[in-house]
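Structure, as C-alpha cells:
Any read-out appearing in this document is the output of simple, stated calculations on the displayed coordinates, not a laboratory observation. Being a predicted model, the structure only gives us computed values, none of them experimental. Glycine gets a Cβ as well: all are built from the backbone with ideal geometry, and neighbour counts include every protein chain shown.
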Amino acid sequence: MDEVELRRQLERAHADCFGWAMACCGRDRDDAEEVLQTVYLTVLDGRARYDGRSSFRTWLFGVIRRTAASERRKAWLRGLLLKREADGLKPEAPAPPDAEVERDSRCHSLRYALAQLAARQREVLQLVFYHDLTVDEAAAVMKVGVGSARTHYARGKARLATLLGDAREL
Amino acid sequence: MMDDSELRRRFAQLREADGERAPSFAQTYGRARARRSWRAALRMRPLAIGAAAAVAIAAVWLAHERSFSPSAVTPTIATWRAPTDVLLRTPGSELLGAMPALGTSVLDTMIHTPSNRGT
C-alpha cells in the first residue's frame, strides 16, 4: 500500500481511531492524540505493516492498543525514575467531569461505569458497542481467543448494566 | 436488566461527545509527519557529530604534521655544519692554515706595507 492510499485509509478511520485511542488512554484527550500521532508515524515509517489478514480498521485498532500500552509503560517508568508520583501513573478512572466537556450527564455515568470495569471487559464492550465490531473482531484486536472475548463481553455487559442501573437510581 | 439497544444508544452518545473533541485528521497527520521529519533529523545527529569530530581530528593532525615537516631551507647533510663549529676558530688559525714561503716573514702577511700590497 503506497503512502497516498495509506493516508486515505487513515483519514477514513480517523474518527473511529480517536474514539478507540480515548478508550485506551483512560479517556485522556491529549494522551489519545499523542498515541494517534505515534500510530500514524509508525504506519508511515512502515514499522507496522498491514498484511491483509483482517480488515484495515481491525488491524489499526490493534496497533493503537499496543502503542497506548507502550506509552503507558513509558509514562510509568518516567514516573518511577523521576520519583514524581503526582505526574506518574494516570488513574484508570476518569477525572471529575469538566462542565464544558461533560454536557451530558449520561455520558459521564457511562464513562464512570466503564472505568469501574476490568480492562478486558471495558475494551470488548467499547469495541462492540462503540465501534460496532463483532466479538470475533474485538478478540482479534485484543489478541485474545474468541471464547475469552465472549466471556469478557458477557460479564462486562452484566456488570455495566448493574452499574448504570445503580447510577440511574441515584 | 438493560438491553443492548439502550447500551448502544448510550455508547452512541459517548461517540458523539468524543467526536466533538476529536482533532481533525489533517492536524494529527500533519503533526505525525512533522515528528517524522524531526526524528529523521535526530537520526542524522550522530552522523553529523561523527563527521565534525573526524574533520576536527584531521585538522589537528594536519597542523601537527606541518609544524614538524622539514622546510625548504633545511641544509642537506653534505652542507650541514654543526653550530659549535665557531668554537674551533682560534686566533691565528689563518697562519696555521697557510703554507709558509721561504724568504718571507709571517709578519709580512699580517702587516700591509706598500711593498707587499702590490703582490
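Scalar couplings 3J(HN,Hα) for the range B:43-57, obtained by applying the Karplus form with A = 6.51, B = -1.76, C = 1.60 to θ = phi - 60°, are 5, 7, 4, x, 5, 5, 5, x, 5, 4, 5, 5, 5, 5, 4 Hz; x denotes Gly and Pro.
Mean partner shielding of peptide A:16-26, defined as the number of other chain Cβ atoms within 10 Å of each residue Cβ, is 3.
The alpha carbon convex hull volume per residue for the range B:1-95 rounds to 234 Å³. Summing charges over all other residues whose Cβ lies under 9 Å from the Cβ of residue A:143, with Lys and Arg as +1 and Asp and Glu as -1, gives +2. The simple spin-label model puts a point 7 Å past each Cα toward its Cβ; for residue A:69 and residue A:47 those points are separated by 1.7 nm.
You can think of it this way: the chain between residue B:67 and residue B:51 has 3.3 nm of extra reach, that is 0.36 nm per residue less the Cα-Cα gap. The HN-Hα couplings worked out from phi for the range A:132-148 by the Karplus form 6.51 cos²θ - 1.76 cosθ + 1.60 (θ = phi - 60°) are 6, 8, 7, 5, 5, 5, 4, 4, 5, 5, 7, 6, 10, x, 5, x, 5 Hz, whole numbers, x standing for Gly and Pro.
With θ taken as phi - 60° and the Karplus curve 6.51 cos²θ - 1.76 cosθ + 1.60 applied, the whole-hertz 3J(HN,Hα) list for the range B:92-103 is x, 5, 5, 5, 6, x, 10, 7, x, 9, 5, x Hz, x standing for glycine and proline. At q = 0.16, 0.23, 0.26 Å⁻¹ the log10 of I(q)/I(0) for the range A:24-77 amounts to -0.47, -0.88, -1.05, computed by Debye summation with a single uniform scatterer per C-alpha, solvent ignored. Averaged over the residues of peptide A:109-118, the number of Cβ atoms from other protein chains lying within 10 Å of each residue's Cβ is 1.
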